[in-house]
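Below: one structure, written as structure tokens.
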Amino acid sequence: MDTPTIIRRQPTPETEPNPAAASRSAERMKSFLEATEHMGYAPETKPGSTIGSPTEPEKKEKYRVITYDNFHMYDEDDDGADLRGEYDTSEEAVLAAKQIVDRSLQWEHSQCVNPSDKDEMYSRFLSFGDSPAIRPDTEPHFSASAYAKLRCAEICSKPSDENNGR
């Protein structure tokens, strides 16, 4: 059996470490981090500090609840998006989003031909309801449609007189 021959590459200008290229690469990375800092990807740094070592505590971004009107979702003139509020915690934002869905479902339930049909109610919500989104996203993710589907089953399983006097 032949012994494999090991071939070692000789350093070339392309493979040899180049301090000037490394410096340019570090400058490009620094520029990128500064340009994307507002997006929340880069830690806040001060001149003279090492990239990646935060010098100030990170400012907590507020959670924004934005409502999209499903009826106007595909309109070019009106996307139906409205800022409904800003919240300090994800829990407050999720609670506000749930209240928006619940109010929308109350209306859709009152418009249903068959108030005990959860599928009809859910279909109406998807066509006409207010669908909130939370930005930045929460952990776990809040899904207005999943919450609405759950609530439709709960609302439609109640006797008619418990649902807003219907």
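The values are calculated or read from the model by the stated rules, or taken from the named source; none is laboratory data. All values reported here derive from a predicted model rather than from experimental measurement. Here the Cβ is made from the backbone with ideal geometry for all residues, glycine too, and neighbour counts use every protein chain on show.
Residue by residue through the stretch 82-106, note down the ones that are of a type in the set (A, V, I, L, M, F, W, C) and modelled with pLDDT under 95. Give the derivation first.
Going residue by residue through the stretch 82-106, those that are of a type in the set (A, V, I, L, M, F, W, C) are 83, 93-97, 100-101, 105.
Scanning the stretch 82-106 gives a single hit, Leu83.
Would you say Ala153 is surrounded by fewer than 14 Cβ atoms within 10 Å (Cβ to Cβ), of a type in the set (A, V, I, L, M, F, W, C) and at pLDDT 95 or above?
Values: surrounded by fewer than 14 Cβ atoms within 10 Å (Cβ to Cβ): yes; of a type in the set (A, V, I, L, M, F, W, C): yes; at pLDDT 95 or above: yes.
Yes: the conditions hold for Ala153.
Go through the stretch 91-145 and report how many residues are among the aromatic types (Phe, Trp, Tyr) and surrounded by 16 or more Cβ atoms within 10 Å (Cβ to Cβ).
Going residue by residue through the stretch 91-145, those that are among the aromatic types (Phe, Trp, Tyr) are 107, 122, 125, 128, 142.
When the remaining residues are screened for being surrounded by 16 or more Cβ atoms within 10 Å (Cβ to Cβ), the result is 122, 125, 142.
So the count comes out to 3.
Does Gly85 fit the bill of being in the same structural domain as Asn70 (by TED's automatic domain parsing), touching a helix residue (DSSP H, G or I) at 6+ places or on another chain (Cβ under 7 Å) and at positive phi? Full working, then the answer.
On the way: in the same structural domain as Asn70 (by TED's automatic domain parsing): yes; touching a helix residue (DSSP H, G or I) at 6+ places or on another chain (Cβ under 7 Å): yes; at positive phi: yes.
Answer is yes for this residue.
Look at Ala146 and say whether it is among the aliphatic types (A, V, I, L, M) and without any contact (Cβ under 8 Å) to a residue 12 or more places away in the chain.
For Ala146, the condition - among the aliphatic types (A, V, I, L, M) and without any contact (Cβ under 8 Å) to a residue 12 or more places away in the chain - is met.
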